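Undergrad: Before we start, here is the structure in question, set down as structure tokens.
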Amino acid sequence: MLLIFVIFVLIKGIENIVALVNLRHIRQYGHRVPEGFTGFVDDQTLARMQDYTIEHGRIDLLSSALDFVITIVFIFGGVLNWYNSWLTGQGWPFVVTGICFFLFLSYGSFLVQIPFDLYNTFVIEEKYGFNRQTFALWLADAAKGLLLTTVIASLLLWVAFLIIAAVPNYWWILLWLFMLFFKVFMLYISPYVIEPLFNKFTPIADKSLEEKIKNLLARAGLSVSRVFTMDASRRSGHGNAYFSGIGHVKRIVLFDTLLEKSSEEEILGILAHEAGHWKKKHILKRLVVMECVSFGALYLAWWFLQSDTLAAIFHINEPTLYVKLLLIGFCGALAAFPVKPLFSFTSRKHEWEADRFAAELTEHPQALARALARLGRDNLANLHPHPWYIALHYSHPPLPQRVRKLLAG
């Protein structure tokens, strides 16, 4: 257990050092206007960007520190052994115990994050003019999110434990197939069942813009059923846009905050970028990679479950299936840490390809460059992230790099 503990501490140390280096980097270079941002940001805006990033960074470090302490106490301090024994002693059926084992942990994680979420929303976001939601709305979102998590997690866990009990030697194959089906199913129903629980979606009022969007995407060989506006302004001043759904239910969603602040050309540039992800099959490629990883992970989980070695290493008195699964997941996350930069690099590569596709499709790369610069300014993005932080955490290339490349043609 000592070796696993050392690895855990080392990984957390690397993450926190990188975060601190990133904060120091923005203090040192945050006053410089990057190429392509002249006219979008001034000294006052740069100062706000710097302060906003630092304040969020500090609260993230505090959250990480609390997570570090809780993990040590729970995993390495004997609380997991007590928790496992207590649940097992309740005498509940196998499937019920398994569902409760993981649900109770998710509830605990939810409660721990509440103070940080409240501080981020009603202190930092409020201070910088982004927050537009009331406490009642925040509470309603939290309650709906918790209920949704309970329903979906209970369903998945129920099916998973039924499969494990019914087919002990081949459950990992059947469970992988079920999870693949479930993910695709959720992509289909999410625009109609999940997303409307939190936001209101209305057909875009500007029919001229809608027609231009559909014509643009038609040139890319994409058919979109509808273009919607989302009432993002009820909660935040941040702007964005995204594609939702899959197949014939694919649709475009524009934040109303984005429509308020962006020109038609900029919106078309952003959507051309999103179209690039579909045209280049980035979503499909990521799905294939993640399913291959999932398949391998489930096989390894099955293999490790054949023995009680991990349970013995962590001094678990009753090596139940649930506690062994949790320990396999914990150790698996530690083992996967070295490949995290590789996944981030691949994601950034896809973003570069989508930018290039957008520039070619619109024949106006300056429009996307302006849109990105405007989004960076309006969202108070960090325009000077440290390379280490980029390598570890950034799924998108830094905005200044993207803007510079688009302007260079």
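Where a number appears in this text, it was derived from the coordinates with a stated rule and is not lab data. Predicted model only: the values in this text are computed from it and were never measured. When we count neighbours, we look across all protein chains shown, and the Cβ atoms used for this are built from the backbone with ideal geometry, even at glycine.
Undergrad: Kirkwood Rh, the stretch 323-365, all Cα pairs: how many Å?
TA: After inverting the pairwise mean of 1/r, the radius is 12.9 Å.
Undergrad: Here's another thing I want to ask about it. Using R₀ = 51 Å, calculate the FRET efficiency as 1/(1 + (r/R₀)^6) where r is the Cβ-Cβ separation of ILE313 and LYS144; round to 0.05.
TA: Working from the Cβ atoms, E equals 0.80.
Undergrad: Another question about this same structure. Could you please tell me the mean projected area of the C-alpha convex hull for the stretch 94-226, averaged over all directions and given in square nanometres to one decimal?
TA: So the mean shadow area of the Cα hull is 12.2 nm².
Undergrad: Please find the FRET efficiency linking TRP86 to LEU162, where r is the Cβ-Cβ separation and R0 is fixed at 22 Å, and quote it to the nearest 0.05.
TA: 0.40
Undergrad: To the nearest 20 Debye, how big is the dipole of the chain about its Cα centre, given +1 on the beta carbon of each Lys and Arg and -1 on that of each Asp and Glu?
TA: Charge dipole of the chain: 660 debye, to the nearest 20.
Undergrad: Quick check on the stretch 341-406: take the gyration tensor over C-alpha atoms, sort the square-rooted eigenvalues as a ≥ b ≥ c, and tell me if it's rounded (a/c under 1.5), prolate or oblate.
TA: oblate
Undergrad: Continuing with the same structure: Enter the Cα centre distance for the pair the stretch 1-42 and the stretch 116-169, rounded to the nearest angstrom.
TA: 27
Undergrad: Give the Cα extents of the stretch 231-301 along the principal axes, in whole Å, largest first.
TA: So the extents along the principal axes, rounded to whole Å, are 49, 28, 20.
Undergrad: Report the full-extension gain for the segment ALA408 to ASP67: residue separation times 0.36 nm, less the Cα-Cα distance, to one decimal in nm.
TA: 118.4 nm
Undergrad: Let me ask you something else. Can you work out the FRET efficiency for the pair SER347 and LEU284, with r the C-beta to C-beta distance and R0 = 22 Å, to the nearest 0.05?
TA: With R0 = 22 Å, the Cβ-Cβ based efficiency is 0.95.
Undergrad: I need the semi-axes of the equivalent ellipsoid of the stretch 1-107: take the C-alpha gyration tensor, multiply each eigenvalue by 5, square-root it, list largest first in whole angstrom.
TA: The three semi-axes for the stretch 1-107 are 44, 17, 10 Å.
Undergrad: Right, next: Only Cα pairs under 8 Å and at least 6 apart count here; give the relative contact order of the chain as a rounded whole percent.
TA: Rounded, it is 23 percent for the chain.
Undergrad: How much length is gained on full extension from PHE295 to ASP117, taking 0.36 nm per residue of separation minus their Cα-Cα distance?
TA: 60.7 nm
Undergrad: Using a ≥ b ≥ c from the Cα gyration tensor of the stretch 1-52 (square roots of the eigenvalues), is it rounded, prolate or oblate, where a/c under 1.5 gives rounded and otherwise the larger of a/b and b/c decides, a/b for prolate?
TA: prolate
Undergrad: Can you tell me how much longer the chain between TYR29 and VAL339 gets when fully stretched, taken as 0.36 nm per residue apart minus their C-alpha distance, in nm with one decimal?
TA: 108.7 nm
Undergrad: Now for a separate question. Go ahead and collect, in residue order, the members of the stretch 316-354 whose backbone nitrogen is under 19 Å from a label point 7 Å along the Cα-Cβ direction of TRP303.
TA: 324-339
Undergrad: For the stretch 283-352 and the stretch 177-242, what is the separation of their Cα centres, given in Å?
TA: 31
Undergrad: In square nanometres, what is the average projected area of the Cα convex hull of the stretch 100-163?
TA: For the Cα atoms of the stretch 100-163, the hull's average projected area reads 4.7 nm².
Undergrad: Then there is this: Specify which labelled value, from (i) 28; (ii) 34; (iii) 19, agrees with percent of Cα pairs over 38 Å apart derived from the coordinates of the model shown.
TA: (i)
Undergrad: Shape call for the stretch 266-409 from the C-alpha gyration tensor, a ≥ b ≥ c root eigenvalues: rounded (a/c under 1.5), prolate (a/b greater than b/c) or oblate?
TA: prolate
Undergrad: If you don't mind, there's one more thing I want to ask. Based on DSSP H runs of at least 4 residues, each adding -39500 (n - 2.57), what is the mean residue ellipticity at 222 nm of the chain after dividing by all its residues, to the nearest 500 deg cm²/dmol?
TA: Only helices count here, giving -23500 deg cm²/dmol.
Undergrad: Let's see if you can work this out: charge +1 on each Lys and Arg Cβ, -1 on each Asp and Glu Cβ, no other charges. What is the dipole magnitude of the stretch 1-133 about its Cα centre, in debye to the nearest 20?
TA: 220
Undergrad: Right, another one. GluC sites (Glu not before Pro), restricted to the stretch 294-384: which are DSSP loop and have at most 16 other Cβ atoms within 10 Å?
TA: Sparse-neighbourhood loop GluC sites (Glu not before Pro): GLU363.
Undergrad: Under a straight-distance cross-link criterion of Cα-Cα below 16 Å, which aspartates and glutamates are reachable from LYS281, leaving out those fewer than 8 residues away in the same chain?
TA: Hits, sequence-local ones excluded: GLU291, GLU351, GLU353, ASP355.
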